[in-house]
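The values are calculated or read from the model by the stated rules, or taken from the named source; none is laboratory data. This one's a predicted model, so the numbers in the text were calculated from it and none came from an experiment. Here the Cβ is made from the backbone with ideal geometry for all residues, glycine too, and neighbour counts use every protein chain on show. All accessible areas refer to the heavy atoms of the entire protein, side chains included, with ligands and DNA or RNA removed. Shrake-Rupley method; radii C 1.70, N 1.55, O 1.52, S 1.80 Å.
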Amino acid sequence: MCVRFNISLTSGDAELEEIIAEANRRLQILAGGGAVAVGDVLPSLTAAALAAGRNGTGAFPMIWGFRRYDGKGLVVNARSETALEKPMFRQSMLERRCLIPASCYYEWEKREEGKIKYAIRPREPGRIYLAGIYRYEEDKKLPVFTVLTCDSAAEIAFIHDRMPVIFMEKDRDAWLDRREDPEKLLRNRNVRMEFRPA
């Protein structure tokens with residue numbers, strides 16, 4: 001699962017700062033104000049996301065969570081293995097893929113004495129991208145997204161059995177290319193992870 005991630009602007013990452021700035025510029029136009037979330041990002045908040053636009057890849061403000069068909073709550077994660085089979089996700093998997101820049105994501109290990117929160121990310125340095133899909137909902141000024149998940153890497157499986165699908169910088173363009181087969185891109189996503197108490 002992935003129900004909270006962090007995006008930090010303290011690393012001096014100029015491209016990340018530009019992604020946030022571009023998403024905020026579009027947010028002013030589309031919604032008339034506000035700012036995309038930085039720091040800890042939770043479902044229902046507006047985040048910066050990369051997606052293919054008319055003029056190439058761009059940064060867009062998107063709200064985290066598809067509305068459920070019954071209207072009761074949000075769908076914030078989708079199983080990558082079955083997303084193409086589900087009516088809620090199929091068209092988005094084929095035509096509306098996005099990437100959500102992040103510094104890490106959080107997960108909680110359940111123990112008898114309580115829960116332990118961990119910050120988790122790949123061992124490989126650099127900005128990470130959570131794989132997502134998006135759609136448009138009638139009453140929203142902004143598109144909405146959900147994060148794709150997969151089986152957890154072995155080193156973090158004790159914390160939770162699911163994790164977000166993660167792309168590194170070098171792999172991001174293929175995920176955003178509608179001509180690419182999403183199932184092929186999701187296979188063999190062998191990412192080695194690291195974790196620390198948060």
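Under 5 Å from the amide H of C98 lie the amide H atoms of G132, I133, Y134, each residue being 5 or more positions distant or on a separate chain, with H modelled from the backbone and absent for Pro and chain starts. For the chain, please report how many Lys pairs fall under 28 Å Cα to Cα, leaving out neighbours fewer than 8 apart on the same chain. Value for the chain: 10.
Under 5 Å from the amide H of N77 lie the amide H atoms of V147, each residue being 5 or more positions distant or on a separate chain, with H modelled from the backbone and absent for Pro and chain starts. Its Cα centre serving as origin, the chain has a Cβ charge dipole (Lys and Arg +1, Asp and Glu -1) of approximately 380 debye. According to the square roots a ≥ b ≥ c of the eigenvalues of the Cα gyration tensor, what is the shape class of region 1-89, taking rounded for a/c under 1.5, prolate for a/b larger than b/c otherwise, and oblate for the remainder? Taking the square roots of the gyration eigenvalues as a ≥ b ≥ c, region 1-89 is prolate. Working note: Karplus 6.51/-1.76/1.60 with θ = phi - 60° gives region 89-103 the couplings 10, 4, 5, 5, 4, 7, 10, 9, 9, 9, 10, 10, x, 8, 9 Hz, where Gly and Pro are set to x.
Could you please state how large a percent of the accessible area of the chain is carbon and sulfur, counting protein chains only and using a 1.4 Å probe? Please list the in-between numbers first.
Numbers: 5020 of 10320 Å².
Roughly 49 percent, rounded to a whole number.
Once you sort the root eigenvalues of the Cα gyration tensor of region 9-162 as a ≥ b ≥ c, which label holds: rounded (a/c under 1.5), prolate (a/b larger than b/c) or oblate (the other case)?
Verdict is oblate for region 9-162.
For region 48-59, the Karplus equation 6.51 cos²θ - 1.76 cosθ + 1.60, evaluated at θ = phi - 60°, returns couplings of 7, 9, 8, 8, 6, x, 5, 10, x, 5, x, 9 Hz by residue, with Gly and Pro reported as x. Shape class of region 49-133 from the alpha-carbon gyration tensor: oblate, with a/c at 1.5 or above and b/c at least as large as a/b. Summarising the amide proton neighbourhood of V165: residues at separation of 5 or more, or on other chains, whose placed amide H is nearer than 5 Å comprise A131, L148, T149, C150. Backbone phi angles across region 33-43, fed through the Karplus curve with coefficients 6.51, -1.76 and 1.60 (θ = phi - 60°), yield HN-Hα couplings of x, x, 8, 5, 6, 10, x, 6, 10, 10, x Hz in residue order; Gly and Pro are listed as x. Summed over qualifying helices (DSSP H, 4 residues or more, each -39500 (n - 2.57)) and divided by its residue number, the chain shows a 222 nm mean residue ellipticity of -4500 deg cm²/dmol.
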